[in-house]
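Worksheet: the structure to be examined is printed underneath.
What follows draws every value from the coordinates through simple rules; no lab data is involved. No experiment lies behind these values; they were computed from the predicted model shown. With ideal geometry, Cβ positions are generated from the backbone for all residues, glycine too; neighbour counts draw on all protein chains shown.
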Amino acid sequence: MLRAFSVFAMTLLVASLAWAATVSGPAPNFTLQSNAGGQVSLASLKGKVVMVNFWATWCVPCRQEMPHLEALYEKYNGLGFELLAVNVEKNNAEGARKWLQETPVTFPVLFDPENQVTKLYKVQTMPSTVIIGRDGTMRFMHNGYKPGYENDYQTQVRALLRE
């Protein structure tokens, strides 16, 4: 009985951490190393709708969300949408690369081994997702992931692509 209550309490805690909000203000610029080699800068993507997803291999909701992000990227990439997945694991790029071999994605995966960008965006929950308008302004912030968030992502990305 105590074990069942503990599982229930943890489920409620994790669910309470997942939320979305409308945000505003300029998206802080960053440049990070890419899994494809080279570096990617947020500033170079101005004029596109950009989703920045902070994730880690140890994060179960991150793993659940990744195929949905891939589907969103495939659907909207040709329309001015870019998705950047920022891995937040300290000094574990090899672990992320290994996981990506098992779950391949076509969008850029970036590495933030010192958590500089993670701190810049004040990320406190895994995963966290920021959606940025074509003008470089942060528009939506999602903390955590629950099944169905991908529908919200799609609605928000489509609205921003129409602007």
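Computed from phi, the 3J(HN,Hα) profile of the stretch 50-56 under the Karplus parametrisation 6.51, -1.76, 1.60 (θ = phi - 60°) reads 10, 9, 10, 10, 8, 8, 8 Hz, with x in place of Gly and Pro.
For the stretch 45-146, a crude dipole built from +1 on the beta carbon of Lys and Arg and -1 on the beta carbon of Asp and Glu, taken about the Cα centre, is about 280 debye to the nearest 20.
Taking every DSSP helix (H) stretch of at least 4 residues in the chain, weighting each as -39,500 (n - 2.57) and dividing the sum by the residue count yields a mean residue ellipticity at 222 nm of -12000 deg cm²/dmol.
Just tell me the longest site-free run in the chain, where the sites are trypsin sites (Lys or Arg not before Pro) in a DSSP loop having at most 13 other beta-carbon atoms within 10 Å. Longest run free of exposed loop sites: 1-89.
Counting other Cβ atoms within 10 Å as a rough exposure proxy, the listed residues His68, His142 run His68, His142 from fewest neighbours to most. Look at Asp152, Asp135, Asp112 and count the other Cβ atoms within 10 Å of each Cβ; fewest to most, that gives Asp135, Asp152, Asp112.
In this calculation the C-beta distance from Glu94 to Gln39 is compared with R0 = 22 Å, giving a FRET efficiency of 0.75. Between amide H atoms placed 1.01 Å from N, distances below 5 Å from Ala27 occur with Thr137, Met138, all of them 5 or more places distant or on a separate chain.
With θ taken as phi - 60° and the Karplus curve 6.51 cos²θ - 1.76 cosθ + 1.60 applied, the whole-hertz 3J(HN,Hα) list for the stretch 128-136 is 10, 9, 10, 10, 10, x, 4, 7, x Hz, x standing for glycine and proline. Near Val86, the amide H atoms lying under 5 Å from its own belong to Asn53, Phe54, Trp55, Leu110; only residues 5 or more places off or on other chains count, and H is placed 1.01 Å from N. Restricting attention to the chain, lysine pairs at least eight places apart or on different chains and with alpha-carbon atoms under 24 angstrom apart total 12. For the chain, DSSP calls about 65 percent of its internal beta bridges antiparallel.
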